[in-house]
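Below: the structure, in structure tokens.
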Amino acid sequence: MRNLIKLAVLLVFFPVVMLTSCKKDAPEAVNAYVTLKTYMVANTLDLPDLAKNWIVDPKSTNTGGIVDSAAGEIPGYYVFDIRPAADFAIGHIKNAVNVALKDVVTTAANYTDKPICVVCFTGQTAGQAVMALRLSGFANAVVLKWGMAGWNANFKGPWVSNSGHEVSANGNIAVGNANWVTTAAPALQSFDEPIWTSTSTDGAAILKERVQAVLNAGFTPAAATDILAAPASYQIVNYWSEADYLGFGHFDGAYDLPVIALAGDLVKAIDPSKDALVYCYTGQTSSIATFWLNVLGYKTKGIGFGANKLVYDQLKANAKPVYKGPKNYVTVSN
């Protein structure tokens with residue numbers, strides 16, 4: 001009888017022991033940021049590598065530029081115009097293709113025998129598209145500097161007038177404002193890396209997934225007037241040299257970070273747990289930088305039109321990047 005009881009006990013506990021011994025510990029969640037960072041460094045996709053020769057002036061071929069001014073086209077490039085269809089219909093560069101921002105990478109797969117030049121209203125949203133393309137293998141994609149505002153006087157707003165899309169961009173709203181200062185930069189800090197997960201463990205697949213997610217989110221820069229009113233409410237990064245940071249001034253409390261990069265962990269100066277604002281001279285360079293940062297899991301926005309909105313006259317007097325007005329190139333509406 002005792003043997004039978006022992007056997008019954010063994011029969012009850014044997015499956016439990018087997019299940020326990022066969023059970024594997026659940027794998028720990030892997031921070032996909034680390035995988036993506038490793039992949040990007042190995043494939044020369046750090047920001048300083050990508051932010052080279054990324055913008056072209058709308059100069060005529062008669063003066064060594066890329067524009068056939070007589071025909072009103074850019075023959076050496078496929079032109080992707082990422083403005084809304086209604087604006088594209090009013091007037092665009094000859095042979096341009098109207099492409100939504102979210103579709104630039106998938107559309108580019110059909111345009112591979114020439115480099116791609118992206119056009120928007122002022123050159124800021126185009127920076128987002130070009131960074132997406134460069135991260136996706138289209139290394140020669142470029143922004144058309146100043147967008148359609150640099151192409152034809154009919155599209156000069158919003159740089160110099162209210163076009164219905166933005167308020168006037170060239171301005172001096174920071175001059176005399178107590179929140180625009182010339183003090184030394186606060187010391188940079190070093191923050192933890194972003195933490196997020198992905199359905200993939202492959203660096204290339206994660207990059208593709210992240211690029212599309214940032215494209216889908218769209219592009220909305222912060223308004224300089226809002227930041228100037230309360231800079232202490234934001235994490236602000238000045239994306240230019242220390243000399244200009246001090247010479248032209250900056251938002252009170254803004255960090256000076258002229259190089260943003262994975263190399264040397266320079267990117268860790270940005271706190272991934274907070275929304276960050278990055279600004280440059282015109283809003284075009286900060287556009288490509290913020291897209292790159294957002295792909296890595298940071299939460300960043302550019303400040304619309306950069307310092308052109310804040311201290312335009314000072315920039316112009318010192319030969320810094322400023323909007324100088326439109327060319328007189330023709331457009332088509334078909």
With Cα coordinates, the longest principal axis of the chain makes an angle with the long axis of helix 2-22, in degrees rounded to 10, of 20 degrees
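Suppose every Lys and Arg Cβ carries +1 and every Asp and Glu Cβ carries -1, with no other charges. What dipole size does region 32-155 come out with about its Cα centre, to the nearest 20 debye? Walk me through the numbers before you get to the answer.
On the way: 9 positive and 9 negative charges, 32 e Å.
The dipole magnitude comes to about 160 debye.
Once the piece of chain linking Ala261 and Asp275 is laid out straight, how much longer is it, given 0.36 nm per residue of separation minus the C-alpha distance between them?
Values: separation 14, 0.36 × 14 = 5.04 nm, distance 1.81 nm.
Extending this stretch completely gives an extra 3.2 nm.
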Longest principal axis of the chain (C-alpha) makes with the long axis of helix 125-135 (C-alpha) an angle, in degrees to the nearest 10, of 50 degrees
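Suppose every Lys and Arg Cβ carries +1 and every Asp and Glu Cβ carries -1, with no other charges. What dipole size does the chain come out with about its Cα centre, to the nearest 20 debye?
Result for the chain is approximately 580 debye, rounded to the nearest 20.
Per the helix-only calculation at 222 nm, which mean residue ellipticity applies to the chain, given -39500 (n - 2.57) for every DSSP H run of n ≥ 4 and division by its residues, nearest 500 deg cm²/dmol? Write out the running numbers ahead of the final one.
Details: 11 runs with 103 residues, N = 334.
When only DSSP H runs of four or more count, the value is -9000 deg cm²/dmol.
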Taking only C-alpha positions in the chain, Rg and Dmax in angstrom work out to 25.4, 107
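With Cβ to Cβ distances under 15 Å as the rule, what net charge do the other residues near Leu277 carry (K, R +1; D, E -1)?
Numbers: positive: Lys274, Lys299, Lys301, Lys309; negative: Asp226, Asp252, Asp256, Asp271, Asp275.
Value of the local net charge: -1.
Lys and Arg at +1, Asp and Glu at -1: add these up for the other residues within a Cβ distance under 12 Å of Ala185 and post the number.
On the way: positive: none; negative: Glu242, Asp244, Asp252, Asp256.
Value of the local net charge: -4.
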Any aspartates and glutamates whose Cα falls less than 17 Å from that of Lys301, other than same-chain ones fewer than 8 residues away, would be Glu166, Asp226, Asp256, Asp271, Asp275
Here the tail fraction of P(r) beyond 22 Å, over all Cα-Cα pairs of region 180-317, rounds in percent to 37 percent
Neighbour-count ranking for Ser233, Ser333, Ser200 (other C-beta within 10 angstrom, fewest to most) reads Ser333, Ser233, Ser200
The exposure ranking of Trp292, Trp151, Trp196, Trp54, fewest beta-carbon neighbours within 10 Å first, is Trp196, Trp54, Trp151, Trp292
For region 141-155, Karplus-derived ³J(HN,Hα) couplings (6.51, -1.76, 1.60; θ = phi - 60°; whole Hz; x for glycine and proline) come out as 5, 9, 8, 7, 4, 6, x, 5, 5, x, 9, 8, 4, 5, 10
Ordering 140-147, 34-41 by per-residue average of other C-beta atoms within 10 angstrom, highest first, gives 140-147, 34-41
Out of Met148, Pro115, Ser136 - ranked by how far each Cα lies towards the positive end of the dipole of region 32-155, with unit charges on the beta-carbon of charged residues - the top one is Ser136
Amide H contacts under 5 Å for Ala276, restricted to residues at least 5 apart in sequence or on another chain and with H modeled in the peptide plane, are Lys299, Thr300, Lys301
Amide H neighbours of Ile55 at under 5 Å, excluding residues fewer than 5 places away on the same chain, with H built from the backbone geometry, are Val143
Total charge of the residues flanking Asp46 in space, meaning their Cβ is under 12 Å from its Cβ, with Lys and Arg +1 and Asp and Glu -1, is +1
Once the dipole of region 190-265 is set up from charges on Cβ (+1 Lys and Arg, -1 Asp and Glu), the residue from the list Gln212, Ala223, Ile260 lying farthest towards its positive end is Gln212
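Could you order the peptides 295-304, 103-112, 241-250, 184-193 from most to least packed, using the average number of other C-beta atoms within 10 Å per residue? All intermediate terms of the calculation are to be shown ahead of the outcome.
Values: 295-304: 22.7, 103-112: 15.3, 241-250: 17.3, 184-193: 11.8.
Highest mean packing first, the order is 295-304, 241-250, 103-112, 184-193.
Rule-based calculations on the coordinates, nothing more; no lab input. Computed from a predicted structure; not experimentally measured. Backbone-built Cβ (ideal geometry, glycine too); neighbour counts: all protein chains shown.
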